[in-house]
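These notes concern the structure reproduced below.
The values are calculated or read from the model by the stated rules, or taken from the named source; none is laboratory data. Quick caveat: nothing in here was measured; it's all calculated off a predicted structure. All Cβ positions, glycine included, derive from the backbone under ideal geometry; neighbour counts span all protein chains shown. Accessible surface is based on the protein model in full, side chains and every heavy atom, while ligands, DNA and RNA are left aside. Shrake-Rupley method; radii C 1.70, N 1.55, O 1.52, S 1.80 Å.
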Amino acid sequence: MRQFFRLLSHTRAPASEKPFRDELLSIEGLEERALALAASFTINPSRWRRARNIFPRFDDNARVLRDAYLTLADDVRTGQVVTAAAEWLLDNFHLVTSEIRNIHQHLPGTYYRQLPTLASREQAGHPRIYAMAVELVRHSDSRIDRQQLAMFVNS
């Protein structure tokens, strides 16, 4: 398990990218946050403006997950105790890798670059849907259900 924490301590998001964690909001708080976001978003009117490429960060996250899986699997082989979260990753890593493949297959960069991008300084170049997804993940502790997602997008 110590190897896993060493691995995580050496993998950091670039300084310009904040972690996807923030204050945990209730469903009402998420609705208010979504309304505030909608009021603050300004779409870049330029048809020539391309969306920022999210795949380097995505691929880096996929690499970290794969490395964590390999480290945890090695811990289990050597008889070390692993946490419940580690057991979940070990049991479900095949699902994670399947989703990673699906994203690469069904969300090609050419499609992603066609999405409407934001013009505001902090989010300039990011697709509107990406900024919405980041906010939802940040304020929900990455626990998202269908009702919550529908409410957030509709707000």
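For (1) on the phi > 0 side of the Ramachandran plot; (2) free of Cβ contacts under 8 Å to residues at least 12 places away in the same chain; (3) open to solvent by 90 Å² or more (accessible area, probe 1.4 Å), each residue gets a yes or a no:
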| site | (1), (2), (3) |
| --- | --- |
| 28 | no, yes, yes |
| 36 | no, yes, no |
| 43 | no, no, no |
| 50 | no, no, yes |
| 54 | no, no, no |
| 64 | no, no, no |
Result of the Cβ filter at 7 Å on the range 138-155, keeping first residues that are in a helix (DSSP H, G or I) and partners that are loosely packed, with under 12 Cβ neighbours inside 10 Å, at least 6 apart or interchain, is 138/21; 139/23
Could you check the range 97-140 and list, in sequence order, the residues that are exposed (fewer than 13 other Cβ atoms within 10 Å of the Cβ) and of a type in the set (Asp, Glu)? 99, 122
Residue that is farthest from residue 28 (Cα to Cα), among those in the range 109-137 that are of a type in the set (D, E, K, R) and part of a loop (DSSP other than H, G, I, E, B): 113
